[in-house]
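Participant: Handing you this structure, nothing more for now.
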Amino acid sequence: MSYCINPWCAKRDNPDDRDRCQTCDTPLRVRDRYRLTRPLRELDEWEPSEIFEVQDLETSSTKVLKVLKKDILLPLFEREVITLQQLDHPGIPQVQEDGYFSLEVNGIGSGADQEVRSLYCLIMENIQGMNLDI
C-alpha cells in the first residue's frame, strides 16, 4: 500500500503499482525518492502535522517523514529541523542536510478555483524500538 502525501486528498491509500494517486493525481513518490508506506499515527485533519513511515527508494531503507500542513507553525518546524541536524545521539533521529524541503500540492477546490498549498517535509532516520507516542 502507498499513501498520498496530500492531506486534502479524499482517499489517500493507493495500490503499490501506482505512480500517481488514483484520487487526486498527486505523485506517490516524494522527490522521486520516497514512497509513503503507512501513517505512524492516525490521520486527522485537525492535526498540524502528519508522520509516515517511508521507503527510501535510493538506499532501500526505511525512514520517517514528518509533514507540516499549517504554515503558521513553520518557524517552530524550522527550529526543530535545525536542532535535529545539530544533535548527535543514538536516541535522536538523524536528519541529513537535504532532509528538509517543501513541495506544493493541490488543496481544496477544483478546476480554476483549486488552490495550491505548500507542505513542509522532514525526512528522519527511523529509530528502532517502541513508539512512545500515546
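Since every read-out is calculated from the coordinates, none of them should be taken as a lab result. For clarity, every value in this text was computed on a predicted model and none was experimentally measured. Quick reminder, even Gly has a Cβ in these numbers, built from the backbone with ideal geometry, and neighbours come from all protein chains shown.
Participant: What do you get for Rg/Rh over region 2-125 if you use C-alpha atoms and the Kirkwood form of Rh?
Facilitator: When Rh is taken as the Kirkwood radius, the ratio is 0.96.
Participant: Leu87 to Arg117: FRET efficiency via 1/(1 + (r/R0)^6), r the Cβ-Cβ distance, R0 35 Å, to the nearest 0.05?
Facilitator: With R0 = 35 Å, the Cβ-Cβ based efficiency is 0.70.
Participant: Multiplying the sequence separation of Asp25 and Glu47 by 0.36 nm and subtracting their Cα-Cα distance, what value in nm do you get?
Facilitator: 5.6 nm
Participant: Starting at the first residue of region 15-23, write each ³J(HN,Hα) from the Karplus equation 6.51 cos²θ - 1.76 cosθ + 1.60 with θ = phi - 60°, in whole Hz, x for Gly and Pro.
Facilitator: x, 4, 7, 8, 9, 10, 4, 6, 9
Participant: Still on this model: Near the amide H of Leu40, under 5 Å away, which other amide H atoms are found, from residues 5 or more places off or on another chain, if H is placed in the peptide plane?
Facilitator: Hits under the 5 Å cutoff: Ile51, Phe52, Glu53.
Participant: A further question on this structure: Between Asp16 and Leu74, what length comes free when the chain is fully extended (0.36 nm per residue of separation minus the Cα-Cα distance, one decimal in nm)? If you can, show how the numbers build up before the last one.
Facilitator: Details: separation 58, 0.36 × 58 = 20.88 nm, distance 3.14 nm.
Stretched out fully, the Asp16 to Leu74 stretch lengthens by 17.7 nm.
Participant: Would you tally the net charge around Asp25, using a Cβ to Cβ cut-off of less than 11 Å, leaving Asp25 out, and scoring K and R as +1, D and E as -1?
Facilitator: +1
Participant: Between Glu125 and Arg38, what length comes free when the chain is fully extended (0.36 nm per residue of separation minus the Cα-Cα distance, one decimal in nm)?
Facilitator: Numbers: separation 87, 0.36 × 87 = 31.32 nm, distance 1.56 nm.
That works out to 29.8 nm of additional length.
Participant: Can I ask one more? Using Cα-Cα distances under 8 Å and only pairs 6 or more residues apart, what relative contact order does region 1-97 have, in percent?
Facilitator: Rounded, it is 16 percent for region 1-97.
Participant: Here's another thing I want to ask about it. Counting Lys and Arg as +1 and Asp and Glu as -1, what is the net charge of the other residues whose Cβ lies under 13 Å from the Cβ of Val81?
Facilitator: Working: positive: Lys66, Arg79; negative: Glu78, Glu80, Glu97, Asp98.
Net of charged neighbours comes to -2.
Participant: Spit out the partnerless Cys residues in the chain, using Cβ distances under 4.7 Å as the pairing rule.
Facilitator: That list is Cys121.
Participant: Relative to the longest principal axis of the chain, what angle (0 to 90°, nearest 10) does the C-alpha long axis of helix 74-86 take?
Facilitator: Approximately 40 degrees, to the nearest ten.
Participant: Could you tell me which residue out of Val81, Asn106, Asn131 lies farthest along the dipole of region 26-134 toward its positive end? Charges go on the beta carbon: Lys and Arg +1, Asp and Glu -1, centred on the Cα centre.
Facilitator: The residue sitting farthest along the positive end of the dipole is Asn131.
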